[in-house]
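Encoded as structure tokens, the structure appears first; notes follow it.
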Amino acid sequence: MTATTTPSADRSAPRALRRAGNHSRDGRGRSFAVSTILHYGFRPFFFLAALYAGLAIPLWLWMYHSGYALPGPFSGLDWHVHEMLFGYLAAVIAGFVLTAIPNWTGRLPLSGAPLAGLVVLWMLGRLASAFVDAPVPAMVADLAFPAALAGAVWREVVAGRNWRNAPIAVMLTLFGIANAAHHGEELGAVPDGAGIRMALAVIAMLVALIGGRIVPSFTRNWLAKRGAARLPASFAALDKAALAATAVAVVLWAALPDSPVTGFALVAAGGSLAIRLSRWQGPRTWRQPILAILHLGYGWLAAALALLGLSIVIPAIVPGSSALHALTAGAVGTMTLAVMTRASLGHTGRATEADAWTVAIYGAVTLGAILRVAAPVVGGDYYSLVLICGGGVWSGAFLLFAARFGPMLFRPRLASPD
């Protein structure tokens, strides 16, 4: 699949969308003006995701060291895990998918009042998870957003007959079910950890699948423009095998997290993704940071799966917390910022080039992830120090994004309407 299936396309939106300008249509096909921030899904959701990630981590670190917990249905640790997945990450996914759908289907983007409604539902979920102490009402309020988002995505896939991207809608639905399962854990209806593993399995598969589309595609386009003789390898049997190995491994991990079979399957999946990545000419992109960061993010995914496997097979050597944060802080954090920066630049009419601020964002998320992975290994008296430094630097990357890219997201596109 080409780059036009992603929200980062510089001028790849269908012609009908480019003509639409700052207008959308209501249910009867009538055109109406919409606020810039509500013109495309990436605008409100990328900004909110960055702001939330930048503030929620320092709050969690304070909670961790003070013993304080918010009055909502979760313990301090469970709130941290829940909000990083179903708060920050869910917002990034919403921004990405809602912006990619018009390229998939050729239909107008979800904008205006319907998009505002999704934003309100996302905010409602965050408030409920933090402050509603009754588990069932909190769950109902929190699940309204993933249900509405999945419904909107399925509607567009079906209406546009874009069955090729139906697996994305399926995984989005599973991610919402994982959210429900995590609430179910608080009610004693679901085994502890099952919802989170399911969510992370879905995310790992999404990164493997979507990253496997955009990383070689963008790399090929960039190298081809420069007349390079060697280009990323085309999708082949090896790629199919790597995706299949990843699917098997993450399903096993969600269902049987302590089995040695799962451990070996995860190591094999990580190795297969690393081989896949090695065929995409990554070392030749180091002069283009906005492209190189995509390779780094995919590399984090390969390393994370291998570390997760090793943490099962040799837990005394590889701490499970380090492996888990290689996936979350490393792969997820890096890939989300890589996509957010590129999409924000491309869809606001700017050149997809990383300035000094953007390079600083990439450096901060990378350093923060390394420190967070290292904290359990360092252990002892230095654990808290490394944990605080890692969390502070990592969250700082997202606050930098909000400060640098926020003004772009609130202003109209420079060259032509989105």
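The values are calculated or read from the model by the stated rules, or taken from the named source; none is laboratory data. This structure is a prediction, so every number in the text was calculated from the model and none was measured. A quick note on method: Cβ atoms are made from the backbone with ideal geometry, for glycine too, and the neighbour counts reach across all protein chains shown.
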Exactly one of 310, 345 is more than 20 Å from residue 94 (Cα to Cα), of a type outside the set (Ser, Thr, Tyr) and at pLDDT 95 or above, and that residue is 310
Selection status of residue 193, more than 22 Å from the chain's Cα centre (by Cα) and modelled with pLDDT under 95: no
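Looking at segment 55-110 only, could you name the residues that are within 21 Å of residue 390 (Cα to Cα), small (Gly, Ala, Ser) and outside any helix (DSSP H, G or I)? Spell out how you get there, then give the answer.
Step one: filter segment 55-110 for residues within 21 Å of residue 390 (Cα to Cα), giving 55-68, 76-85, 87-89.
Filter again for small (Gly, Ala, Ser), leaving 56, 66-67, 76, 87.
The one that is within 21 Å of residue 390 (Cα to Cα), small (Gly, Ala, Ser) and outside any helix (DSSP H, G or I): 67.
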Checked against (1) among the aliphatic types (A, V, I, L, M); (2) touching a residue at least 24 places away in the same chain (Cβ under 8 Å); (3) not in a helix (DSSP H, G or I), residue 229 satisfies every condition except (2)
Per the list (1) in contact with a strand residue (DSSP E or B) (Cβ under 8 Å, 6 or more places away or on another chain); (2) within 30 Å of residue 381 (Cα to Cα), residue check on residue 111 breaks on (2)
Within the bounds of segment 273-281, is there any residue that is modelled with pLDDT of 95 or more, under 26 Å from residue 316 (Cβ atoms), crowded, with 16+ Cβ neighbours inside 10 Å and not charged (D, E, K, R)? yes
Reported set for segment 245-269 where residues are touching a Lys or Arg at 6+ places or on another chain (Cβ under 9 Å), over 16 Å from residue 318 (Cβ atoms) and in contact (Cβ under 8 Å) with a residue 40 or more places away in the chain is 250, 254
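Within segment 173-190, can you find the residues that are of a type in the set (A, V, I, L, M, F, W, C) and either more than 13 Å from the chain's Cα centre (by Cα) or at pLDDT below 95 (or both)? Steps first, please.
Step one: list which residues in segment 173-190 are of a type in the set (A, V, I, L, M, F, W, C), which gives 174-175, 177-178, 180-181, 187, 189-190.
Across segment 173-190, the qualifying residues are 174, 177, 178, 180, 181, 187, 189, 190.
Any residue that is over 26 Å from residue 143 (Cα atoms) and in a helix (DSSP H, G or I) - is there at least one of those in segment 183-201? Show your work before the answer.
Filtering segment 183-201 down to residues over 26 Å from residue 143 (Cα atoms) leaves none.
No, segment 183-201 has no match at all.
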Here the qualifying pairs (Cβ atoms under 8 Å; residues six or more apart or on different chains; first in segment 142-155 and at pLDDT below 95; second not in a helix (DSSP H, G or I) and not hydroxyl-bearing (Ser, Thr, Tyr)) come out as 152/110
Of the conditions (1) buried (at least 24 other Cβ atoms within 10 Å of the Cβ); (2) under 28 Å from residue 197 (Cα atoms); (3) within 16 Å of the chain's Cα centre (by Cα), the single one that residue 362 does not satisfy is (1)
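Among the residues of segment 304-325, are any under 19 Å from residue 358 (Cα atoms) and out of contact with any strand residue (DSSP E or B) (no Cβ under 7 Å at 6 or more places or on another chain)?
Initially, segment 304-325 is screened for residues under 19 Å from residue 358 (Cα atoms), giving none.
No, the conditions are met nowhere in segment 304-325.
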Contact list, first residue from segment 114-126 and closer than 19 Å to residue 55 by Cα, second anywhere and among the acidic types (Asp, Glu), beta-carbon distance below 8 Å, six or more apart or interchain, is 124/142; 125/142; 126/83
Quick count over segment 231-285, residues being within 29 Å of residue 219 (Cα to Cα), touching a helix residue (DSSP H, G or I) at 6+ places or on another chain (Cβ under 7 Å) and not aliphatic (A, V, I, L, M), is 12
Residue 279 vs (1) closer than 29 Å to residue 374 by Cβ; (2) touching a residue at least 12 places away in the same chain (Cβ under 8 Å); (3) basic (Lys, Arg): all pass except (1)
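For residue 87, are the conditions met, namely being under 13 Å from the mean Cα position of the chain (by Cα), modelled with pLDDT of 95 or more and under 22 Å from residue 398 (Cα atoms)? Steps first, answer last, please.
Values: under 13 Å from the mean Cα position of the chain (by Cα): yes; modelled with pLDDT of 95 or more: yes; under 22 Å from residue 398 (Cα atoms): yes.
Taking the combined requirement at face value, the residue satisfies it.
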Taking segment 378-408 and the residues there that are within 18 Å of the chain's Cα centre (by Cα) and hydrophobic (A, V, I, L, M, F, W, C), the one that is nearest to residue 351 (Cα to Cα) would be 405
Taking first residues from segment 337-360 that are among the charged types (D, E, K, R) and second residues anywhere that are buried (at least 22 other Cβ atoms within 10 Å of the Cβ) and modelled with pLDDT of 95 or more, the pairs with Cβ under 6 Å that are 6 or more apart or on different chains are 342/290
Note on segment 378-406: residues of a type in the set (A, V, I, L, M) and at pLDDT 95 or above are 385, 386, 387, 388, 393, 397, 399, 400, 402, 403
Of the conditions (1) without any contact (Cβ under 8 Å) to a residue 24 or more places away in the chain; (2) under 19 Å from residue 85 (Cβ atoms); (3) not polar (S, T, N, Q), the single one that residue 211 does not satisfy is (1)
### Query
Residues in segment 129-142: is at least one over 30 Å from residue 241 (Cβ atoms), surrounded by 22 or more Cβ atoms within 10 Å (Cβ to Cβ) and among the aromatic types (Phe, Trp, Tyr)?
no
Check your understanding: Do we find that residue 164 is touching a Pro at 6+ places or on another chain (Cβ under 7 Å), part of a helix (DSSP H, G or I) and surrounded by fewer than 23 Cβ atoms within 10 Å (Cβ to Cβ) in this structure?
Key -> no
